[in-house]
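Participant: Before I ask anything, here is the structure I am working with.
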């Protein structure tokens, strides 16, 4: 499968959009393959679920094991309490019996009767009551409910011996378990207050206390034993009830099996009443791996040991662990199976869509993009189908637009060709005009309104320019002629200052008129130059730089001529006013007239370059030459 992600231009891939640092450190082969990425995520999820499940199972197992251990420790503590209460009750009983004042008499029958009365008032587990006296010849029975008087203690095999001694009145001691005709018993002894040589012995049967032990009820295969400091079993709970076969037997051959006894002895006098060893190896105590709870019996060197097979005590813990592991495995397999099916279906759908998009990329827009899925993948198929349809529509519209553009381009080319032709014609006319031929005009044909407007405005401008140039040309000639007349007639003017003054005044008036015309012509030329400059900017292919420069020079010259005419007018007025007073000032008039001639001659040369129609030429209607001629006639 391809599984390649091909994001569109300007868009980031899914990894880049949401991955950040993860997308940076992930190898590209993994990022390109959806199935591989999904498989890795699936494996990570399965491993995570597995680790979490195992950790949770272990935590539950540990918690449950702790609960069971605490519960079993409580069982050992309860069994120890039962034994301690039994010991304490028996101690109080024998202490109470020994405190009576009636034990000092030597009447055996009375003593036996008193012992029987006391026995009847004690608990049902009392086997026998004895009054014993330590004598020089040994320890003998003074009176008893089951033994003959004067019986030597050493001959009856009791657990209490002749060397039993007491440090104070009311002290109670006890023996180990020993066998009597009525069964196993424990003897409790306390001295008689009136005499230190006599003490009361009460033998208690161990059958009832052994039956009260509940080790076998706590767990299947369990049992409780009480072991003394010599590791001899004092109490042995039988699963069938009564006393077990291990009573008065060695608890264990030693080694690790006696470890609970050592740990129980370490608890004596401490805050903790009991303890548990969860795992003990199979041996002579229990034939399989077992659990033992222990509790010391305070006031004795005895230890309560509660035994049970490990499977019976921690079977629930093992089941919890097993169920947790099985549940975790099932969950991992479920995630893996469902994820694999989901991933396969998703990857297959994405690969199929990728192949179809590749066909679209190659130009096949008729590819079938459809899916029966209604989820995100199905909507993605629908989105690609819509995109394909929209793309086809855009292509069709683009083709139509292309055709329209081709038609518009052909039309534009025709218009461009026409404009180019007209531009060449206009350029030829403007070049001729720039060369000085003001008789050329641009033709209008009605094909293009803008070009016709340019031609009309240009033709109008040239008409005005032609008129102005013709007038300037005639004016320049007249000015030159007037200068000659002024120079040649200075002497006559000196003699006839009044006529000169009048002629100068008339020249001044004409100069004023000509100045106005020159300024108007200069402004028209400036406007013409600006229009030609705009035309040049809009039509860079038309070369008009030289013509524009020539027009600019002409406009400058006209402005200077206008300025000179103004100066001449002022000077003429001055001369006219002073001619009547000082004839000597005519020399200044002559020099100024010569300057006017110098300015008029270049202007005439420049204006002579322009070719104009004769009817547009300006006829000077008055001036110094005409005035002088009239004077000559007179």
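No value in this document is a laboratory result; all are computed from the given coordinates. Just so it is clear, the structure is predicted and the values come from calculations on it, not from any experiment. We place every Cβ from the backbone using ideal geometry, glycine too, and count neighbours over all the protein chains shown.
Participant: Using the eigenvalues of the Cα gyration tensor, what equivalent ellipsoid semi-axes result for region 194-313 when each is taken as the square root of five times the eigenvalue, whole Å, largest first? Provide the component values of the computation, followed by the final result.
Facilitator: Working: eigenvalues 141, 62, 34 Å².
Over the Cα atoms of region 194-313, the semi-axes work out to 27, 18, 13 Å.
Participant: Oh, and also: If we sort 432-442, 40-50 on the protection proxy, mean other Cβ atoms within 10 Å, highest first, what's the order?
Facilitator: Values: 432-442: 17.4, 40-50: 13.8.
Packing proxy ranking, top to bottom: 432-442, 40-50.
Participant: Given contacts defined as C-alpha pairs under 8 Å and at least six residues apart, what's the relative contact order of region 99-205, whole-number percent?
Facilitator: 27 percent
Participant: Take each of the peptides 117-129, 380-392, 285-297, 512-524, average the number of other beta-carbon atoms within 10 Å over its residues, and list them starting from the highest.
Facilitator: Working: 117-129: 16.4, 380-392: 14.5, 285-297: 22.2, 512-524: 18.8.
Listed from highest to lowest mean packing, they are 285-297, 512-524, 117-129, 380-392.
Participant: May I have the extent of the alpha carbons of region 58-149 along their three principal axes, as whole Å values ordered from largest to smallest?
Facilitator: Reported extents, whole Å, longest axis first: 73, 30, 21.
Participant: I need the peptides 272-280, 78-86 ranked by packing, meaning the mean over residues of other C-beta atoms within 10 angstrom, with the highest value on top.
Facilitator: 78-86, 272-280
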